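J.: Once you've had a glance at the structure underneath, I'll fire off some questions.
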Amino acid sequence: MNGTLPSRSNDSSSTITKYEKSSCLFCNDWFDSQTFTEHLIHCGQVLEQCPNTCKVFLPRLRMRAHLKECPHAKHLSSSCENLDEMAEQRIQTLENDINTLRTVLNEEIRQRLHLITDLGNVRKQNQLQDEMSHSVQESLKHLQNRLNEENTQRCYEVEQCQQDFRYCHDIVQTLKTELQHEIDDLEKHINRVSLEAARHQNLLNDNILQLEDTVLAHERNNRDKFIELENYLQTFNDDIKSKLQVNADYNVKYGTLGLEIKSMKHIVCETEERCDKLEALFTEIDRNLHHTMQLVADMENYLSTQQRLTSIVNTRGHLIWHIKDLSKKLDESKKYDTILHSAMFSNKPYGYALRLDIYLNGKGNWKGRNMLACLNVLAGEYDALLTWPCRLQANVLIRDQRYASQSESDDYIKLVNVRKKSDDYIQTNQFFYIPHKILMQAQYLKNDSIYVEVRILKTQ
């Protein structure tokens, strides 16, 4: 018989069986489904009938040896003409046998499939029953343990309650005895207190009688003194009335003097308010005057700048600006918001006209804590010949005055980007800040002056 090796996959709904190999009916070897049919054609254990009509069935492997020993081999030459007919019959027989074998194999595979399916279902049911029985046994064991624990706990609680009851009974008896003793002692103490209270009540009554006599004596004395005091007050009242008539004129004068003092205070307050207004007005006029002077100076500087635009001396993109009297200029900036302007310079010969503007006390959110500066691109003589928009990069340095050699100095450096769209575009100032605490360090501030250096890095 042939067989198959199944592989099964189980899920919640069905069981699927796949057959990967089959066994040969003659040699009992296992082969894949692809090579099984080819093996049946060439298998050496397949039974075949002797072609010499001796009616013997032998395996293919032994057929040659049988033909040599077959008693009907002598008649082989006489039957050569019938060999083709026998070969055709043999082929037809083989085809019939193969078809029969296929039918038998299919039927056996179908029966094995049913058997395997039934066996899987039976195993699954047995497994479920085993699991259920195991679960029931575990539950029974757990319930039995719980019952044993509950019985033990109940016995312990009953014994504990009995012990507590005996203990409480003993305590109640002891308390009853002690309470009876305390009640007896309390009755004795109440009797003693009652006797003491009666004695003190008698003493209190005696003291009350004595106090009443004393109060009557004092009332008589106070009545006499009250009459004397009333007479004295009447005399004093008459004297006060006479003196008030004399002081009436003084009261009128005092009221007039108070009104004059109030009017003087009002005048003084008005004078102080006017002084404050005048002081504020003076401060505003002083600020406006300083701004006017600044504008005049800027105008003069602008006029001189326009005259010098065609002949800018510094055309190397490098500026060193010495700012003297820094503390004085910082105070003026705090008071008047002044702006410091550097000398005109250019990034290259016939290049952009540049100027560094500095707010020593800052402005806006930076005011009071930082120095604010910006590098401006001004209208120059050669703007029509230059490339626009203008894009420049520059380093602004606060020079370290401790060392003469620049390689040893520790300068404070700020990188600045300067942009301007066109020669007639109004530039928006691009500020950068330097904190006052850095500016006032000893390495940068010397003799109340600083050196500010500008180096153009990128030119067009």
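The values are calculated or read from the model by the stated rules, or taken from the named source; none is laboratory data. All figures in this text were calculated on a predicted structure; none of them were measured in a lab. Reconstructed Cβ throughout: ideal geometry from the backbone, glycine too, with neighbour counts over all protein chains shown. With ligands, DNA and RNA removed, areas are computed over all heavy atoms of the protein, side chains included. Shrake-Rupley method; radii C 1.70, N 1.55, O 1.52, S 1.80 Å.
J.: When you go through (1) in a strand (DSSP E or B); (2) hydroxyl-bearing (Ser, Thr, Tyr); (3) modelled with pLDDT under 90 one by one for Tyr433, which number turns out not to apply?
T.: (3)
J.: Tell me, yes or no, whether segment 384-397 has at least one residue that is under 16 Å from Leu326 (Cα atoms), assigned to a strand (DSSP E or B) and in contact (Cβ under 8 Å) with a residue 12 or more places away in the chain.
T.: no
J.: Does Glu230 meet the test of being closer than 30 Å to Tyr336 by Cβ, of a type in the set (D, E, K, R) and open to solvent by 80 Å² or more (accessible area, probe 1.4 Å)?
T.: Against the criterion (closer than 30 Å to Tyr336 by Cβ, of a type in the set (D, E, K, R) and open to solvent by 80 Å² or more (accessible area, probe 1.4 Å)), Glu230 does not qualify.
J.: Report yes if some residue within segment 380-402 is within 41 Å of the chain's Cα centre (by Cα), open to solvent by 50 Å² or more (accessible area, probe 1.4 Å) and within 16 Å of Thr338 (Cβ to Cβ); otherwise report no.
T.: Within segment 380-402 (the criterion being within 41 Å of the chain's Cα centre (by Cα), open to solvent by 50 Å² or more (accessible area, probe 1.4 Å) and within 16 Å of Thr338 (Cβ to Cβ)), the answer is no, since none of the residues qualifies.
J.: Check Ile434, Ile413 and return the single one that is in contact (Cβ under 8 Å) with a residue 60 or more places away in the chain, in the same structural domain as Glu332 (by the TED database) and of a type in the set (Val, Ile, Thr).
T.: When all the criteria are applied, what remains is Ile434.
J.: Could you list all residues from segment 316-346 that are more than 50 Å from the chain's Cα centre (by Cα), of a type outside the set (Ser, Thr, Tyr) and surrounded by 18 or more Cβ atoms within 10 Å (Cβ to Cβ)?
T.: Passing the criteria: Met344, Phe345.
J.: Give segment 104-163 a look and list any residue that's of a type in the set (Asp, Glu) and without any contact (Cβ under 8 Å) to a residue 12 or more places away in the chain, or say none.
T.: If the condition is that a residue be of a type in the set (Asp, Glu) and without any contact (Cβ under 8 Å) to a residue 12 or more places away in the chain, then Glu107, Asp118, Asp130, Glu131, Glu138, Glu149, Glu150, Glu157, Glu159 are the ones that fit.
J.: Follow-up. Looking at segment 347-378, which of its residues are open to solvent by 30 Å² or more (accessible area, probe 1.4 Å) and in contact with a Ser or Thr (Cβ under 7 Å, 6 or more places away or on another chain)?
T.: Lys348, Pro349, Arg355, Tyr359, listed by residue number.
J.: May I ask you to list the residues in segment 24-48 that are at pLDDT below 75 and touching a Ser or Thr at 6+ places or on another chain (Cβ under 9 Å)?
T.: Once the filter is applied, which keeps residues that are at pLDDT below 75 and touching a Ser or Thr at 6+ places or on another chain (Cβ under 9 Å), segment 24-48 yields only Ser33.
J.: Filter segment 19-54 down to residues that are in a strand (DSSP E or B), touching a residue at least 24 places away in the same chain (Cβ under 8 Å) and open to solvent by 30 Å² or more (accessible area, probe 1.4 Å), then give me how many there are.
T.: Residues meeting the conditions: 3.
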